[in-house]
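Some notes on the structure that comes next.
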Amino acid sequence: MHFLIALAVLVALVYLISKMLQSRGAANRDASDAMPGHAGTDVAGLEVAFISGGKLFYKARNGDVGQIHSPYIQEIADRSERQKERHAWKQNTSFEISAFGGRKQFEPDGVRIVMASAQFDGNKSLVYCLKDEGFGGLFAYDLESRLEQRLLHKQHLSLGDLNLDPVRGKILCTSSSKSGIANIAMLNSDGSSFRELTGGDTFDSSPAWIPGEDDEILYQSAGLARGPDGYLIAQGHATIQLLNMQSGSVTPIMDDARYDFLQPRVCARGNLHFIRRPFETPKYGPDKLLIDTLLFPFRLLRAIFHYLNFFSLMYSRKPLTGATGPAVKADLKDIVLKGKRIDAEKALRSGMKINGVPSLVPSSWQLVRRTPRGDESVLASHVASYDMTPEGKIVYSNGSGVFLLDAEGQSTLILKFDLVDDVIVRGPAPQTIAATELQA
């Protein structure tokens with residue numbers, strides 16, 4: 001019996017080591033693609049912002065790329081550090097022991113504040129929303145003076161999917177709650193007059209203005225399934241809905257149970273753009289149960305190995321293997337793009353690339369254009385997120401690169417990065433846009 005257990009452990013270790021070595025080889029092959037950088041020349045004078053792992057980055061017109069550091073986040077970090085220093089004298093003393101023999105927690109754990117969404121405004125500023133577990137806020141950041149203005153800040157505020165219309169002076173956004181419900185909301189660009197436009201047990205997100213329509217907006221919506229105890233157990237396919245803000249009526253625009261329709265946008269020509277991807281129905285049948293049963297011993301051994309490897313790193317500063325690590329950073333192995341969990345390591349090993357930049361999403365994630373007459377055409381594949389300028393230039397991301405899509409359907413690399421969750425673009429915005437300049 002002991003021999004069988006030892007043999008199983010040995011097989012598991014050999015498997016883990018081989019996977020690590022394979023990942024290291026993939027990392028060496030793609031090292032030049034995975035490093036942060038940007039295109040050698042400025043692409044069409046575009047300003048691009050993108051969110052990566054809860055951080056906001058900005059590419060200026062001259063091609064320089066840098067992170068936007070929020071003074072509010074720095075203020076919270078400094079406050080936490082001061083509180084930690086104030087209680088440092090209590091460590092390793094009797095004051096650190098509670099009445100029940102445990103250790104007291106004098107300072108809170110590190111609070112992670114993330115950038116949830118961002119938009120360029122009509123001036124030289126970025127508007128973005130920050131949130132942590134307890135508070136959320138809307139801020140404006142001047143790109144020249146680097147001054148930050150707090151527009152809205154309150155408890156349990158969780159905003160996302162900002163869509164700013166400088167002409168109207170209004171912002172559409174997603175307002176989420178801890179119960180899993182998300183509604184479309186609207187507020188003034190100065191943070192006032194916040195109100196929710198939709199309701200119900202749904203996940204409504206990614207609102208969009210419609211050029212020339214003052215009372216109608218588009219958004220994506222997915223139904224929520226809950227168990228008998230009220231807990232969320234599944235989310236349905238995403239549809240595109242049309243909301244009349246005056247009457248409150250909702251009209252389905254795109255609805256097909258086989259697909260998710262994401263991020264609707266309407267260009268100046270009246271064409272509807274959206275990301276279409278296959279909808280994967282949550283399944284757990286007998287075949288899945290059998291696979292989980294057969295793999296349970298190996299998964300248990302892998303968990304034990306990582307547990308022991310953690311202690312080895314903590315006490316000896318050395319891992320249990322000589323491998324340098326996986327092809328991607330540890331926090332990038334399992335990421336979420338547009339509500340879908342992505343195995344980044346598996347995606348990078350697949351070899352899918354655009355202009356030499358690895359794609360984190362498959363080719364079935366397509367950017368589609370639909371004319372008012374109902375004609376559809378696929379503009380690009382491997383699309384994780386996208387944005388467009390007022391004159392119709394389309395910029396999209398495949399998860400690790402940002403590209404400009406021209407009128408002929410060719411993609412030009414703007415920049416590449418480890419992870420691009422969302423992309424925001426601002427191009428030259430003339431007062432009058434000629435019809436010949438419209439690409440979308």
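The values are calculated or read from the model by the stated rules, or taken from the named source; none is laboratory data. All figures in this text were calculated on a predicted structure; none of them were measured in a lab. Every residue, glycine among them, receives a Cβ derived from its backbone with ideal geometry; neighbour counts consider all protein chains shown.
To keep it simple, each residue is scored yes or no on (1) closer than 24 Å to ASP421 by Cβ; (2) at pLDDT below 95; (3) in contact with a helix residue (DSSP H, G or I) (Cβ under 8 Å, 6 or more places away or on another chain).
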{"site": "ALA182", "(1), (2), (3)": "yes, no, no"}
{"site": "ASP214", "(1), (2), (3)": "no, yes, no"}
{"site": "THR251", "(1), (2), (3)": "no, no, no"}
{"site": "TYR259", "(1), (2), (3)": "yes, no, no"}
{"site": "CYS267", "(1), (2), (3)": "yes, yes, no"}
{"site": "ASN271", "(1), (2), (3)": "no, no, no"}
{"site": "ARG276", "(1), (2), (3)": "yes, no, no"}
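Within the stretch 324-376, take every residue that is of a type in the set (Gly, Ala, Ser) and modelled with pLDDT of 90 or more and give me the one that is farthest from GLY53 (Cα to Cα).
First, pick out the residues of the stretch 324-376 that are of a type in the set (Gly, Ala, Ser): 325, 327, 330, 339, 344, 347, 350-351, 356, 359, 363-364, 374.
Of the ones still in play, those that are also modelled with pLDDT of 90 or more are 359, 363-364, 374.
Working: SER359: 17, SER363: 23, SER364: 24, GLY374: 37 Å.
Residue satisfying both the conditions and the ranking: GLY374.
Condition check for ARG150 on (1) under 30 Å from ASN62 (Cα atoms); (2) within 18 Å of the chain's Cα centre (by Cα): one failure, at (2).
Each row is one residue, and each column tells you yes or no for (1) farther than 20 Å from GLU196 by Cβ; (2) in contact with an Asp or Glu (Cβ under 7 Å, 6 or more places away or on another chain).
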position	(1), (2)
GLN119	no, no
LYS124	yes, yes
LEU138	no, no
SER145	yes, no
ASP165	no, no
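Every residue, every condition in (1) aliphatic (A, V, I, L, M); (2) touching an Asp or Glu at 6+ places or on another chain (Cβ under 8 Å); (3) in contact (Cβ under 8 Å) with a residue 12 or more places away in the chain; (4) at negative phi, yes or no:
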site	(1), (2), (3), (4)
ARG195	no, no, no, yes
ILE217	yes, no, yes, yes
GLN220	no, yes, yes, yes
PRO228	no, no, no, yes
ASN244	no, yes, yes, yes
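When both residues are 6+ apart or on different chains and their Cβ atoms are under 6 Å apart, which pairs have a first residue that lies in the stretch 164-183 and is more than 13 Å from GLN119 (Cβ to Cβ), and a second that is in a strand (DSSP E or B) and at pLDDT below 90? Going by the 6 Å Cβ cut-off, the qualifying pairs are GLY180/LEU232. Of everything listed in (1) buried (at least 17 other Cβ atoms within 10 Å of the Cβ); (2) of a type outside the set (Lys, Arg); (3) closer than 22 Å to PRO166 by Cβ, the single unmet condition for GLY212 is (1). Residue-level analysis places VAL368 outside the set of residues that are assigned to a loop (DSSP other than H, G, I, E, B), aliphatic (A, V, I, L, M) and within 20 Å of PRO278 (Cβ to Cβ).
With respect to being among the aliphatic types (A, V, I, L, M), surrounded by 15 or more Cβ atoms within 10 Å (Cβ to Cβ) and either under 25 Å from ARG277 (Cα atoms) or touching a Leu at 6+ places or on another chain (Cβ under 7 Å) (or both), LEU152 fits the description.
Residues in the stretch 132-152 that are farther than 15 Å from LEU187 by Cβ, part of a strand (DSSP E or B) and in contact (Cβ under 8 Å) with a residue 24 or more places away in the chain: TYR141, GLU148. Selection of the stretch 377-430 for residues being over 24 Å from SER52 (Cα atoms) and among the charged types (D, E, K, R) yields GLU391, ASP406, GLU408. For LEU379, the requirement of being at pLDDT 95 or above, touching a Lys or Arg at 6+ places or on another chain (Cβ under 8 Å) and either farther than 18 Å from PHE120 by Cα or not small (Gly, Ala, Ser) (or both) is met. Looking at (1) exposed (fewer than 14 other Cβ atoms within 10 Å of the Cβ); (2) at pLDDT 95 or above, which one does GLU75 not meet, given that it meets all the others? Failed condition: (2).
Filtering the stretch 112-145 to residues that are surrounded by fewer than 18 Cβ atoms within 10 Å (Cβ to Cβ), more than 15 Å from HIS69 (Cβ to Cβ) and of a type in the set (Gly, Ala, Ser) leaves GLY122, GLY134. The lone criterion from (1) more than 14 Å from LEU172 (Cβ to Cβ); (2) of a type outside the set (S, T, N, Q); (3) not in a loop (DSSP other than H, G, I, E, B) left unmet by GLY212 is number (3).
Report the residue count in the stretch 262-280 for those that are part of a strand (DSSP E or B) and in contact with a Lys or Arg (Cβ under 6 Å, 6 or more places away or on another chain).
Keep residues of the stretch 262-280 that are part of a strand (DSSP E or B), which gives 262-266, 272-278.
Remaining after also requiring in contact with a Lys or Arg (Cβ under 6 Å, 6 or more places away or on another chain): 262, 272-273.
Of the residues in that region, 3 qualify.
Checked against the criteria, GLY374 does not count as surrounded by 22 or more Cβ atoms within 10 Å (Cβ to Cβ), in a loop (DSSP other than H, G, I, E, B) and out of contact with any Asp or Glu (no Cβ under 7 Å at 6 or more places or on another chain). Each residue in the stretch 225-242 was checked for being in a loop (DSSP other than H, G, I, E, B) and of a type in the set (Gly, Ala, Ser), and 4 of them qualify.
Scanning the stretch 171-199 for residues that are in a strand (DSSP E or B) and farther than 18 Å from MET388 by Cα gives THR174, SER175, SER176, ALA182, ASN183, ILE184, ALA185, MET186, LEU187, ASN188, ARG195, GLU196.
For the stretch 390-410, give me each residue that is surrounded by fewer than 22 Cβ atoms within 10 Å (Cβ to Cβ) and in contact (Cβ under 8 Å) with a residue 40 or more places away in the chain. Within the stretch 390-410, PRO390, GLU391, GLY392, LEU404 meet the criteria. Considering only residues in the stretch 383-402 that are part of a strand (DSSP E or B) and under 17 Å from the mean Cα position of the chain (by Cα), the one that is farthest from SER363 (Cα to Cα) turns out to be ASP387.
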